[in-house]
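Any read-out appearing in this document is the output of simple, stated calculations on the displayed coordinates, not a laboratory observation. These numbers come from a predicted model, not from an experiment. Reconstructed Cβ throughout: ideal geometry from the backbone, glycine too, with neighbour counts over all protein chains shown.
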Amino acid sequence: MEHGVSAANYKDLVLFLATAGIVAPIFKRLKINPILGYLLAGVILGPFGLGRFIHAAPWLDYVTVDNPAEIAQLAEFGVVFLLFMIGLELSWERLRLMRRLVFGLGAAQVIGCSLVLAGGAILLGQPPAAALAIGAALTLSSTAIAVPVLAERRRLHSDAGRATFSVLLFQDLAVAPILITLAIVGRGHGEFQASDLLSLAPAALGLAVIVLVGRVALRPMLKSVAKAKSEEMFMAACLLVIIGAGLVSQMSGLSMALGAFVAGILLAETEYRHEVEVKIEPFKGLLLSLFFVSLGIRLDLSLLVAKPAVILGTVVGLLLVKAAVVFGIGLLMGLGRKAATEAALILAAGGEFAFVLLDNAMGAQVVSPAIGQAVLVSATLTMFLIPGLAALGQRLGRKGAPAPVSEAPAAAGPDRLGPEPTGQVLVIGYGRVGKLVGDMLGRHDLPWIAVDRDARLVEQGRRDGRRVYYGDAARVELLERCGLATARAVVVTMDAPEAAEAVVAAARGARPDLAIVARARDARHAARLYELGATDAVPETIEASLQLSEAVLVDIGVPMGLVIASIHERRDEYRKKLNRPDALGGKRRRLRDASLR
């Protein structure tokens, strides 16, 4: 039976997967940002790279991309997933606290840079409408590159990082009004009318629908899926939330990325946020890689050869103008000199939305194709420089210590627990034992976070105002999302032996110095937990025997002090016995101890 599937149909996909599998490891080994590798790979594989020589060497067709438009359409999901993950890191409370930066610094940057760049375009001979479109397009910076670079350098929560993210967020909000303005200018009347203002109504309605549906239906839906205990169904639900919110936003005239961002903020207030992060991270990484490759594919370097002065002059002018404007506005908004410098350098480059705006402007005949393509090449070249600009900005501002994100006191309740604490204790399992451990930690004013796979227990804990999250703690990715890097200890209270062993192994592998206390079913299970790296294992049978002994000794008149001392002595004897190399698998135990040292 002959099928209608041809290997040629998958050539572009295979090329991308090969690029992702080869470029990232090589560039990481060379300590170069992989983003640059993906951009360069896109240039080489695209129609303006090796594709130019296919007529001379037909075999190059096997290693070049045939359908850049299809790849670009799929690659847009990379930005969508990125904004969703950013939303998961935020909350409505934190956004409220950032409103001065978002609507103050962000608005000032968009308006200021647009006017200055448009003025420069007019001086270079462009008509006012074309100059305004070019200025607006070049004003927008690259969220897809800037945010991962900041996160990689751990600068996202510094003063400069918060300022940069706030500006990028406002730029995303401004895309829809800019597109509407370009449409009005393209129609020729050039003036706003009441009917034009009404065109913003669908955008506002779309955001309202996303927020309303998210508030009402998001938690019940995820709770229902979590009760099914199906990894595939939970992943499908996560993808439905992201893509569904993005499509509603796009149908409203906004970007898909903005809708996904709002969905992420709504999910950040639920007990499922960390499990969702773990599920979505691989999609985000893969699709962002494809996005960077697609940007490189669209870069026509022949224009750089044909018009080097125009292209390079635009690159230098764009970087200088945007950096100067952002630096000045940052100082006026109260940013320190070092934070303003770092933010200015990161925001100086162009961004991915320049393609959207200029494509619309060229389609509306506001900007000529020749000028538009030259501007696009210049904007793309500046995006190559973002990792270097970020490194320079961090170096200039490295003497300024990163400031923590200020937070208002949070009211008790499942949706307003405030920021995640540092130096916390992770309680794995929130049944009767886990709940009691959490209560005892709370009595000593020690911060703690609990994780459980039972949606019912998680919901009950959240209802009591506890910081309890849904997820599988046997995966180190989830533990890291819950703050494993800064945790003081991990307490494993799960009653399933295999599950407890998996958590202990995962935590010990990630943190060799971490205190891990685990609940064991019996002496043999305790010995196994010690072998896997538990600092202390507490067998239920032995502890029950010790407590019975304590009760009977006290009841028959033995002094309390002597009883407590003898119980502690016997417990220490058991612990030493169970922790001996020959208790269970002596050779493996010695190897584990050597690795820990």
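Across the range 7-49, the volume of the C-alpha convex hull divided among the residues equals 56 Å³ per residue.
For the range 200-292, the fraction of C-alpha pairs more than 21 angstrom apart is 32%.
Cβ-to-Cβ counts within 10 Å put Ser255, Ser294 in ascending order as Ser255, Ser294, the fewest first. Measuring spread by the Cα atoms of the range 42-136 yields a radius of gyration and Dmax of 21.0, 60 Å. Averaging 1/r across all pairs of distinct Cα atoms in the range 263-303 and inverting the result yields a Kirkwood radius of 12.4 Å.
For the range 425-596, taking Cα atoms only, Rg and Dmax work out to 17.1, 52 Å respectively.
Over the residues of the chain, the helix contribution to mean residue ellipticity at 222 nm works out to -21500 deg cm²/dmol, using -39500 (n - 2.57) for each DSSP H run of at least 4.
Summing Cβ point charges (Lys, Arg +1; Asp, Glu -1) relative to the Cα centre of the range 425-596 gives a dipole of roughly 440 debye. For the chain, the dipole from Cβ point charges (+1 on Lys and Arg, -1 on Asp and Glu) about the Cα centre works out to 1500 debye, to the nearest 20. The Cα-based radius of gyration and maximum Cα-Cα distance (Dmax) for the range 215-345 are 21.2, 62 Å. Just to be sure I understand the curve: with the Debye formula and one point per C-alpha of the chain, what is log10 I(q)/I(0) at q = 0.06, 0.07, 0.08, 0.11 Å⁻¹? Log10 of I(q)/I(0), two decimals: -0.40, -0.53, -0.67, -1.10. When the alpha carbon gyration tensor of the range 92-167 is reduced to an equivalent ellipsoid, the three semi-axes, largest first, read 29, 14, 8 Å. Only Lys, Arg, Asp and Glu carry charge here, each on its Cβ (+1 for the first two, -1 for the last two); on that basis the range 295-370 has a dipole of about 240 debye about its Cα centre. Fully extending the segment from Ala565 to Asp464 would add 32.6 nm, taking 0.36 nm per residue of separation and subtracting the current Cα-Cα distance.
Toward the positive end of the charge dipole of the chain, with +1 on the Cβ of Lys and Arg and -1 on the Cβ of Asp and Glu, the farthest Cα among Ala201, Tyr430, Tyr530 is that of Tyr530.
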